[in-house]
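Notes to accompany the following structure.
No value in this document is a laboratory result; all are computed from the given coordinates. Since the structure is predicted, the reported quantities are computational estimates derived from the model, not experimental observations. For neighbour counting, all protein chains shown are included, and Cβ atoms are generated from backbone atoms with ideal geometry for every residue, glycine included.
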């Protein structure tokens, strides 16, 4: 079971990177490039608030899983 938890760490890291890529490339950049004034606020929220929170959380969770912090010690 501990090996599965450590392999899940890789999955969390990959999900964090893929989610960050998606938010920046598919959500934030098109809204920054549009000419609508109402698209600027969501673009700022995607790029500077949601992306660091999501990517940072998933990367840290994956790092701890790889280090064995969630292993059963018994």
Inset, instruction - Could you tell me how many degrees, from 0 to 90 and to the nearest 10, lie between the Cα long axis of helix 2-22 and the main elongation axis, the longest principal axis, of the Cα atoms of the chain? - result: 10
Inset, instruction - Sticking with the crude label model, points 7 Å out along Cα→Cβ, report the distance from residue 15 to residue 44 in nm, one decimal please. - result: 3.1
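Given the rule -39500 (n - 2.57) for each run of at least 4 DSSP H residues, summed and divided by the residues of the chain, what is its mean residue ellipticity at 222 nm, to the nearest 500 deg cm²/dmol? Could you put the intermediate results ahead of the total?
On the way: 4 runs with 49 residues, N = 74.
About -20500 deg cm²/dmol.
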Inset, instruction - Take the alpha carbon atoms of region 2-67, find their radius of gyration, then divide it by 2.2 N^0.38 Å using N residues; give the quotient. - result: 1.36
Legend entry - Where labels lie 7 Å past Cα in the beta-carbon direction, separation of residue 35 and residue 70 in nm: 4.8
Inset, instruction - Would you calculate the separation in nanometres between label points at residue 6 and residue 24, each defined as 7 Å from the Cα along the Cα-to-beta-carbon direction? - result: 3.0
